[in-house]
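The values are calculated or read from the model by the stated rules, or taken from the named source; none is laboratory data. Since this is a predicted model, take the numbers as computed values, not measurements. Every residue, glycine among them, receives a Cβ derived from its backbone with ideal geometry; neighbour counts consider all protein chains shown. With ligands, DNA and RNA removed, areas are computed over all heavy atoms of the protein, side chains included. Shrake-Rupley method; radii C 1.70, N 1.55, O 1.52, S 1.80 Å.
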Amino acid sequence: MATNGMLASIRQLPGVGEKRAAVFSRLHIATLGDLLSHYPRTYENRKTCKRIIDLQHEETTCIKAVVFSAVKTSVIRKNMRVHTARVSDGTGFLDLVWFNNRFIEQKLKKGETYIFYGKVRLSPKRQMQTPLFEVPGAQKQTGRIFPIYPLTEGLSDGFFASCTEQALSLLQGQITDTLPQKVREAYGLCDLETALQNIHFPTDRTGYESARRRLAFEELFLFQSALLTLKKNGKRASTASMSASPLPFIQSLPYALTNAQERVIREITADLYSSTVMNRLVCGDVGSGKTAVAAAAIYTAVKSGFQAAFMAPTEILATQHYKSLSVFYANHGIKIELLLGSMSASARAAAVERLASGESHVAVGTHALFSEKVTFHSLGLAITDEQHRFGVNQRHLLSQKGENPHVLVMSATPIPRTLALIVYGDLDVSLIDELPPGRQKIDTFAVTEQYRKRIYTFIQKELDAGRQAYIVCPLIEENEALELQAATDYAKKLQESVFPGYSIGLLHGKMKNAEKDAVMAQFKNGELQLLVATTVIEVGVDVPNATIMLIENAERFGLSQLHQLRGRIGRGEHKSYCILINQSKHEAAKERLLVMQEQSDGFKIAEEDLKQRGPGEFFGTRQHGLPDFKIVNIYSDMPLLQETTRAAQDFVEERLTCTREEKQALYEKMNALFNNRVTFNKNFY
């Protein structure tokens, strides 16, 4: 789409001045190309007219009718005018109703014929409410399949469609295709201009499906080509070829590793021993033992004469890893530094100096590791945890702290292999698909508000038996729009009126790091019996004595996040229970939570979550490793993925014949995917 015409400002369109352009900008639309890549979210079939006698209750459709009576206006209350007109097509009569539309009387003429489009109600009165209408033969919004767009206040579907139509007309014959001709021919894809015309204004299903397939193919092809290029470039000679065995570390552990852990450690060790740089993802379910696997890799690196960096998304998790590694290496002579943004300047400077001199072997921290002031004496291994919260750009920033260090990324979110192919196309993938023995099955119950009293009684019984409990709330502060109870107010209520004789703590993301640590320590040491928390406990807290988790407004969470939260319990010898309170009246929410009640396999839950919510919401946020796909649906487009994978491999391995112009267009689009922070094929230009 990178042509001069596509880069032209939308202000050249009739009706789009400075104010309208500002409204468009809220949708990230500034150019004609932006406009044409803002695809419809659905369509309405306004091609055919129905007879009034055949109308069904609650259907939205077109009728062709004569205005039988002049428009009547009545005031039903202050600032509320109702305009009505009766129409007929010879098979029956229908009343049309508009509210506060003072132009209706001027526009609608008695005795004239119009096409009306709107929603029909046959009870208690036969009406069509607020229909749009056009004169036959001069139709723009009826007599066709009409696109409905994701919009913002100040834009209507009619105006947006009109602008899109004008843009297509202006750019006719000027739209350069991004996909190489050989790819289009090999996979039976239409050209870009045809695809844009048919995605916005399809005349039939065949045209729409052809356009959608073409555009989805391009999105997947570009992203996979980018990741495969990164993977290919990553297969470079390593300056950190290692030789130390992780066996002494493994033998020092107080427990036996699972077969899956041992297999993944062998895969990592083989990478570290090789002459090329490792780029590997370790993905495992909650409690599958990823930290021990990472610790074995770090041990191998340090004992081979190199340093390691371990980056986590939050200070809580970074601190947890620091403490875990400190225990792991207590008798192995490995010195670890903790680097957090909240540290004092002097403590931070001292830690940075020890890393730069090589006195310390391992740095554990958050984004603070990215700082230009943080340097390493000999960084050989860079690890990122909770990978989906970072993304490709940040992964590369950390790896640039050394000369071609090995890269290991970890994700505690079980990711369906199909999605892993897309999100982590630049990495080799290792799955820890086995849990350590002794993990208790967690009984899960999805219930409604009416069970609350019984739930509190059950929690009290567990507390009296010496156990501990979590209560999870989605928000810290009151949000009337979402009707969610604030954790702070809820904790106060529980302390005062529900569990007055018990010790209750509060943990949320806005607390200072020292406060969080203090509360977590109190809960882990048994000084607190019940912890009210936000999703900050999703990672970092491991309390074997905690046997109950109550999750408020569970319908507001994704299934994968609920599974992550549930993984905080069931870590000890006692039976554990997770209770999900559903405040929604919708049947779909109930059915969704039943998945949690019936399923404990994190990978299967992730498949269902992906199916229901798509990849952006699946990860809890967008722009964290995934591109902002405009048309691809990861779940339903899996069959297309096989084709785009093959095409991307052919392009990256140069088995695909492309012109210089086609290659340049592809590289420009690939660079744009990562906001030009990662440059593909630097030598091309």
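Can you show me the helix-derived [θ] at 222 nm for the chain, built from DSSP H runs with n ≥ 4 at -39,500 (n - 2.57) apiece and divided by the number of residues, rounded to the nearest 500.
Values: 22 runs with 252 residues, N = 685.
Mean residue ellipticity, 222 nm, calculated: -11500 deg cm²/dmol.
Take peptides 26-32, 359-365 and line them up by average Cβ neighbours within 10 Å, highest first, as a rough protection proxy.
Values: 26-32: 17.3, 359-365: 23.1.
Highest mean packing first, the order is 359-365, 26-32.
Taking the Cβ of residue 258 as the center, what net charge do the other residues with Cβ under 12 Å away carry, scoring Lys and Arg +1 and Asp and Glu -1? It would help to have the intermediate numbers written out before the result.
Values: positive: 263, 290, 439; negative: 262, 285, 433, 434.
It works out to a net charge of -1.
Per residue of the range 14-26, in order, report the coupling 6.51 cos²θ - 1.76 cosθ + 1.60 (Karplus, θ = phi - 60°) as ³J(HN,Hα) in whole Hz, putting x for Gly and Pro.
Those phi angles translate into x, x, 10, x, 4, 5, 5, 4, 5, 5, 4, 5, 5 Hz.
Here is the link list: 461/493; 335/401; 323/453. Which ones come out longer than 29 Å on Cα distance? Before the final figure, lay out each step's value.
Working: 461/493 19 Å; 335/401 19 Å; 323/453 39 Å.
Correct reply: 323/453.
Loop only by DSSP, 16 or fewer other Cβ within 10 Å of the Cβ. Give me the trypsin sites (Lys or Arg not before Pro) in the range 196-271 that pass, ordered by residue number.
235, 236
From the C-alpha gyration tensor of the range 206-356, pull out the three semi-axes of the equivalent ellipsoid (sqrt of 5λ each), sorted largest to smallest, in whole Å.
On the way: eigenvalues 250, 89, 63 Å².
Working from the Cα gyration tensor, I get semi-axes of 35, 21, 18 Å.
Using only the Cα atoms of the range 1-71, build the gyration tensor, take square roots of its eigenvalues as a ≥ b ≥ c, and label the shape rounded, prolate or oblate: rounded if a/c is under 1.5, else prolate if a/b is larger than b/c, else oblate. Numbers along the way, then the final one.
Details: a/c = 3.38, a/b = 2.35, b/c = 1.44.
It is prolate, given that a/c is not under 1.5 and a/b is the larger ratio.
Cα axis of helix 452-464 to longest principal axis of the chain: angle in degrees, 0 to 90, nearest 10?
The angle comes out at about 0 degrees.
Taking 0.36 nm per intervening residue step and subtracting the Cα-Cα distance, what contour gain separates residue 262 from residue 95 on full extension? Let's see the in-between values first.
Details: separation 167, 0.36 × 167 = 60.12 nm, distance 7.40 nm.
Using 0.36 nm per residue and subtracting the Cα-Cα distance, I get 52.7 nm.
For a protection proxy built on the mean count of beta-carbon atoms within 10 angstrom, sort 275-283, 130-138, 5-13 highest first, please.
Put in order of decreasing packing, that is 275-283, 5-13, 130-138.
How would you order 456-467, 568-579 from highest to lowest mean count of nearby Cβ atoms within 10 Å? Mind showing how you got there, number by number?
Values: 456-467: 15.2, 568-579: 20.5.
Top to bottom by mean Cβ count within 10 Å: 568-579, 456-467.
Going by accessible area, probe 1.4 Å, with all protein chains left in place, what is the ranking of 609, 443, largest first? Don't skip to the end; give the middle numbers.
Numbers: 609 0, 443 45 Å².
The ordering from most to least exposed comes out as 443, 609.
In degrees between 0 and 90, to the nearest 10, how far off the longest principal axis of the chain does helix 315-328 point, with axes built from Cα atoms?
Long axis of 315-328 versus the principal axis of the chain: about 30 degrees.
Report, to the nearest 10°, how far helix 602-618 tilts away from the longest principal axis of the Cα atoms in the chain, using its own Cα long axis and a range of 0 to 90°.
50 degrees
Give the percent of DSSP beta bridges with both residues in the chain that are antiparallel, rounded to the nearest 5.
Details: 34 of 88 bridges.
Rounded to the nearest five, the antiparallel share is 40 percent.
Rg and Dmax of the chain over Cα atoms: what are they, in angstrom?
Over the chain's Cα set, Rg and Dmax evaluate to 30.2, 95 Å.
What distance in nm separates the simple spin-label points at residue 375 and residue 243, each placed 7 Å from Cα in the Cβ direction?
2.9 nm
Can you list the aspartates and glutamates whose alpha carbon is less than 17 Å from that of residue 19, not counting same-chain residues fewer than 8 positions off?
153
Work out the FRET efficiency for residue 106 and residue 181 from their Cβ-Cβ distance, taking R0 = 41 Å, and round it to the nearest 0.05.
On the way: r = 54 Å, r/R0 = 1.31.
After rounding, the FRET efficiency stands at 0.15.
Once you put a point 7 Å from the Cα of residue 498 and another 7 Å from the Cα of residue 58, both along the Cβ direction, what distance in nm separates them?
3.6 nm
Taking every DSSP beta bridge with both residues inside the range 1-150, roughly what % is antiparallel (nearest 5)?
Numbers: 32 of 36 bridges.
Once the DSSP bridges in the range 1-150 are tallied, antiparallel ones form about 90 percent.
Step through the table entries 290/669; 524/585; 630/663; 441/510; 510/611, compare each Cα-Cα distance with 25 Å, and write down the pairs that go over it.
On the way: 290/669 35 Å; 524/585 37 Å; 630/663 22 Å; 441/510 32 Å; 510/611 32 Å.
Violating the 25 Å limit, Cα to Cα: 290/669; 524/585; 441/510; 510/611.
Which distance in Å, rounded to a whole number, links the C-alpha centroids of the range 344-365 and the range 155-201?
The range 344-365 and the range 155-201 have Cα centres separated by 54 Å.
Give me the distance between the Cα centres of the range 574-595 and the range 9-28, rounded to whole Å.
Going from one Cα centre to the other spans 45 Å.
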